[in-house]
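Each reported figure results from applying straightforward, stated rules to the coordinates on display, with no laboratory input. Being a predicted model, the structure only gives us computed values, none of them experimental. Virtual Cβ from ideal backbone geometry, glycine too; neighbours counted across all protein chains shown.
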Amino acid sequence: MGENYNLFDSCPNAQNRELVARPKPSMDDNLHSLPRQLIELRMEHADLDNLIDRTLFDITSDDLTLRRLKKRRLLLRDRITRIETELEPLRPA
């Protein structure tokens, strides 16, 4: 009911190339793409870097909080590396 349709797509299987209604790709289709995830992970990693830097200079911060932030940052770095590897084509040796 709430679908958008492109009325100008031609049906590739039709012999007379009649116009048919096809759903348009929505903006949500790219929300979970690998490049989008990579951008979001990099942003979160940068935010954690800033937070860790501020926590280092905060006298009231505790070591446990700092260790958790650093562990989260390492996990993000691993995920970023994994996605970068998936997106880059293999180079011949």
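Quick notes
- Ascending count of other beta-carbon atoms within 10 Å, so fewest first, for His32, His45: His32, His45
- Couplings for segment 67-75, taken from phi via the Karplus curve 6.51 cos²θ - 1.76 cosθ + 1.60 with θ = phi - 60°, read 5, 5, 5, 5, 5, 4, 4, 5, 4 Hz in order; Gly and Pro are left as x.
- Label-to-label distance, Phe57 versus Gln37, with points set 7 angstrom from Cα along the beta-carbon direction: 3.5 nm.
- Approximate spin-label separation Asn50-Leu64, in nm, with each point projected 7 Å along Cα-to-Cβ: 2.7
- By the count of neighbouring beta-carbon atoms within 10 Å, fewest first, Thr65, Thr85, Thr55, Thr60 end up ordered Thr60, Thr85, Thr65, Thr55.
- Estimated translational D of segment 30-87 in µm²/s (Stokes, Kirkwood radius over Cα pairs; 4 °C; 1.567 mPa s): 105
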